[in-house]
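Participant: A single structure is presented below for examination.
The values are calculated or read from the model by the stated rules, or taken from the named source; none is laboratory data. Predicted model, so just to flag it, every value in this text is computed and none were measured. Neighbour counts run over all protein chains shown; Cβ positions are idealised from the backbone, glycine included. Keep in mind that these areas ignore ligands, DNA and RNA; they rest on the heavy atoms of the full protein, side chains included. Shrake-Rupley method; radii C 1.70, N 1.55, O 1.52, S 1.80 Å.
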Amino acid sequence: MKAKGVTPMGTRHILHCDMNCFYASVEMQRHPELRDTPLAVCGSQEERHGIVLTANYIAKPYGVKTGMAIWQAKQRCPQLVTLPPDMDEYIRISRYAREIYEDYTDQVEPFGLDENWLDVTGSVGLYGSPMTIAREISSRIKSELGITASIGVANNKITAKLGSDYKKPDAITRIEQDNYKEIVYPLPVEDLLYVGPATSKKLRAIGIDTIGRLAECPEDVLQRRLGKMGLVLSMFAKGRDVSPVQKTDHIPNVKSVGNSATTPRDLVSEGDVQLMLLLLAESVCSRMRELASRCAVVEIYVRDTELRSMLRQRKLPAPSCSSQELAEVGLELFRRNYHWERPIRSIGLRGAGLVEAVGTVQMSLYAEDQRRDKWERIDRAVDHLRRRYGYMSVRRALLDTDPRLGHINVRDDHTVHPVGYFGG
């Protein structure tokens, strides 16, 4: 007879905790008078960041969705109350939630401010079954933070996230071998982590509209359609994820640095894009130098006027923190992948795969290394002048060709990313 709380050899117990409608929930906790009101946290309408970031559950039945323009949201829900985001407060609440998680395990991996995976395999002997731990965490988030969370309980990260998404708000869903097919197989294929719009379109084109159909599809078919990612998604659909939850003290402080901007006017030409990529690259590379880092991968993000998104990345021949190089690579990625079907509303640039700048860098062609070194030395000189005389003391001439774009403030809006799911 097995003792209570003892874990069978090889069995993992993973929780995925997702704080419901996080930004909106924090605002309702701060403003009790809005608890029964349709509410959305939105970017600044005056600066064209007028997009819904999070809506509460009262607003959602009206059709108010994340990513929707404010004017569209108010058409669907005229009584909608909109509030600007308070990131400092959301970060503070996120840290308090993490302190609760760390009372049960040191294996806590963030997935944004509002979501975390927890490996409680080693905790069941102290705190009871995974469901018991999930109930305690849910209760504490409600009583100590004044918000609710949905929690998935499974034996791997991907399935645990499916569990937290399955019932909302304030729910706990266990998905394990005995009920996996019953719960997971009927779900839309888009519910699986990393099946975005482009992948979904490819899968539906061959008749795969549910996770069950994805799990049952021959792997060679998926590999032909999606490459290596097809094999990864096949394993995920079958509930065979073996990736570890990263221990708190093993998560690097920074894995990537990015910046993006919703522009004050639509971008309609390659010149507009080049200007914005230079502006963003200066900001991102300055932040990397502060962190004594270089990036190995450049990634661009583009969203058009119909809110359709494109994400592309390329590995650099050698790690770099040269704003000129990142902007050039970003522009090349853009030219190859964007076909100007619509104007552009927002654009972002990210340096990923950060390495220490003092570390050994593998040399490529001598002339290329020499050029990179020259541009990095110029960037460091510009950093010095701006620290001494102010940010606007040194400017690229190109940025002044369009004051409306070239003078927007992106330098204080970095996104610093923790370890990603695939370690990049």
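Participant: Rounded to the nearest 500, what is the 222 nm mean residue ellipticity of the chain from helices alone, with -39500 (n - 2.57) per DSSP H run of 4+ residues and division by all residues?
Facilitator: The per-residue figure over the chain is -11000 deg cm²/dmol.
Participant: Continuing with this model, one more query. When the chain is modelled as a GNM with alpha-carbon springs shorter than 10 Å, which of Tyr301, Tyr90, Tyr389 fluctuates the most?
Facilitator: Tyr389
Participant: Using alpha carbons only, how many degrees (0 to 90, rounded to 10) separate the axis of helix 366-389 from the longest principal axis of the chain?
Facilitator: 90 degrees
Participant: Report the one residue of Ile51, Pro85, Trp71 whose Cα lies farthest in the direction of the positive end of the charge dipole of segment 29-103 (charges on C-beta: Lys and Arg +1, Asp and Glu -1; origin at the Cα centre).
Facilitator: Trp71
Participant: How tilted is helix 270-290 with respect to the longest principal axis of the chain? Cα atoms for both, answer in degrees (0 to 90, nearest 10).
Facilitator: 70 degrees
Participant: For Arg314 and Arg240 in the same chain, what is the full-extension length gain: residue separation times 0.36 nm, less their Cα-Cα distance, in nm?
Facilitator: On the way: separation 74, 0.36 × 74 = 26.64 nm, distance 2.88 nm.
Computed gain between Arg314 and Arg240 is 23.8 nm.
Participant: Using R₀ = 45 Å, calculate the FRET efficiency as 1/(1 + (r/R₀)^6) where r is the Cβ-Cβ separation of Ile206 and Glu306; round to 0.05.
Facilitator: Taking R0 as 45 Å, the efficiency between Ile206 and Glu306 is 0.95.
Participant: Please name which of Gln177, Gln29, Ala154 has its Cα lying farthest along the dipole of the chain towards the positive end, using unit charges on Cβ (Lys, Arg +1; Asp, Glu -1) and the Cα centre as origin.
Facilitator: Toward the positive end, the furthest listed residue is Gln177.
Participant: What length, rounded to one decimal in nm, is gained on full extension from Arg35 through to Leu291, with 0.36 nm per residue of separation minus their alpha-carbon distance? Spell out each step's value before the answer.
Facilitator: Working: separation 256, 0.36 × 256 = 92.16 nm, distance 4.11 nm.
Extra length available between Arg35 and Leu291 comes to 88.0 nm.
Participant: Now a separate question. Length gain on complete extension for the stretch Asn337 to Gln223, per 0.36 nm per residue less the alpha carbon to alpha carbon distance?
Facilitator: Once the chain is fully extended between Asn337 and Gln223, it gains 38.8 nm.
Participant: Tell me the carbon and sulfur percent of the accessible area for segment 252-313, rounded to whole percent, probe radius 1.4 Å. List each step's numbers first, then the result.
Facilitator: Working: 950 of 2300 Å².
Reported share for carbon and sulfur atoms: 41 percent.
Participant: Mind checking which of Arg350, Arg294, Arg336 has the largest fluctuation in a GNM of the chain, springs on alpha carbons under 10 Å?
Facilitator: Result: Arg336 has the largest fluctuation of those listed.
Participant: I need the calculated FRET efficiency for the pair Gln177 and Glu99, taking r as the beta carbon distance and R₀ as 51 Å, to the nearest 0.05.
Facilitator: Between Gln177 and Glu99 the formula returns 0.95.
Participant: If you don't mind, another one. Whole number in Å², please: accessible area per residue of the chain, 1.4 Å probe, ligands, DNA and RNA not counted.
Facilitator: 50 Å²
Participant: Size of the dipole of the chain about the Cα centre, Lys and Arg at +1 and Asp and Glu at -1 on the beta carbon, nothing else charged, in debye to 20?
Facilitator: Rounded to the nearest 20 debye, it is 620 debye.
Participant: How much of the DSSP bridge set in the chain is antiparallel, in percent, rounded to the nearest 5?
Facilitator: The answer is about 90 percent antiparallel.
Participant: Take the alpha carbon gyration tensor of segment 180-313, find the square roots of its eigenvalues, order them as a ≥ b ≥ c, and report rounded if a/c is under 1.5; if not, report prolate when a/b exceeds b/c, else oblate.
Facilitator: Details: a/c = 2.77, a/b = 1.55, b/c = 1.78.
Note, shape of segment 180-313 comes out oblate.
Participant: As a quick test, which of the pairs Lys65/Lys181; Lys168/Lys315; Lys65/Lys161; Lys74/Lys255; Lys181/Lys315 have an alpha carbon distance above 31 angstrom in this structure?
Facilitator: Lys168/Lys315; Lys74/Lys255; Lys181/Lys315
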